[in-house]
Amino acid sequence: MANVSNVKSKFFGAVAALDADGISTTASISGAAALTLNGALTSGGSYTSGDNIGQPITITSAGDDTGITFTVVGTNAVGDALTEAVTGADTAAATSSGYFNTVASITTSASTDAAVTAGVTGTGTGTVFAGRTRIRGMQGLSGTSAGNLLFKNTSVTGTTLLTVPTQAAAELIEPYIPDNAVLFDAGAYVSFGSAVATITVFYDG
């Protein structure tokens, strides 16, 4: 059996399902001002995703907001400060490129053309280990829909090296992984949606 003396574990919490107004419900904004963070996914005027998970933030415009920006302030999946200026959309949703674990505020650069909402995409990502590592195993529960638990090399948008399918029921996730494990030579990153309730990943660290 391979040497597993350096095996560590990391827990990833649940990802909020797709919710266009889960962070901020419908409101028209006058001037450069902050959206009220009052959606179903918020508590105490802020939003927090699952443990060690980041999600893209969506801002849906009922009018033409292509001439303004929405500045999202919060933290990423590893707790570092994250701020992104998201250009508004025209009667559509604009999505952040960053993955937010928390959102403390969303501010506009000017008045919105009509009502806007803010929410999440329903997909989360997290960093297992940012350097060369091997995934040794995992244990968790599947969520409310069938899908895939993806492990990517290099970044959250990198090549998928390990795919674990899940069922649409609360079933144990505990796939067999050979003794030599799965090598991620440039870092291991996990991506999943409501197909996973929670997951603990075992890796070399």
Among 144, 112, the single one that is surrounded by 21 or more Cβ atoms within 10 Å (Cβ to Cβ) and either part of a loop (DSSP other than H, G, I, E, B) or without any contact (Cβ under 8 Å) to a residue 24 or more places away in the chain (or both) is 112
Taking only the stretch 13-28 into account, find how many residues are of a type in the set (Val, Ile, Thr) and not in a strand (DSSP E or B).
1
Every listed condition ((1) among the acidic types (Asp, Glu); (2) touching a residue at least 40 places away in the same chain (Cβ under 8 Å); (3) outside the structural domain of residue 55 (by TED's automatic domain parsing)) holds for residue 171 save (2)
Would you be able to tell me the number of residues in the stretch 87-105 that are out of contact with any Asp or Glu (no Cβ under 8 Å at 6 or more places or on another chain), outside any strand (DSSP E or B) and hydroxyl-bearing (Ser, Thr, Tyr)?
1
Just give me the residues in the stretch 22-45 being surrounded by fewer than 18 Cβ atoms within 10 Å (Cβ to Cβ) and either under 13 Å from residue 68 (Cβ atoms) or not assigned by TED's automatic domain parsing to the domain that holds residue 113 (or both), in sequence order.
28, 30, 31, 32, 33
Identify, from the list 130, 115, the residue that is outside the structural domain of residue 183 (by TED's automatic domain parsing) and at negative phi.
115
Reported set for the stretch 49-72 where residues are buried (at least 24 other Cβ atoms within 10 Å of the Cβ), of a type outside the set (Val, Ile, Thr) and under 30 Å from residue 200 (Cβ atoms) is 49, 54, 55
Meets criteria (out of contact with any Gly (no Cβ under 6 Å at 6 or more places or on another chain), at pLDDT below 95 and under 21 Å from residue 111 (Cβ atoms)) for residue 27:
yes
Scanning the stretch 156-170 residue by residue, those in contact with a strand residue (DSSP E or B) (Cβ under 6 Å, 6 or more places away or on another chain) and either at pLDDT 90 or above or buried (at least 19 other Cβ atoms within 10 Å of the Cβ) (or both) turn out to be 156, 158, 159, 160, 161, 162, 163, 164, 165, 166
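The values are calculated or read from the model by the stated rules, or taken from the named source; none is laboratory data. Just so it is clear, the structure is predicted and the values come from calculations on it, not from any experiment. As a convention, Cβ positions derive from the backbone with ideal geometry for all residues, glycine included, and neighbour counts pool all protein chains shown.
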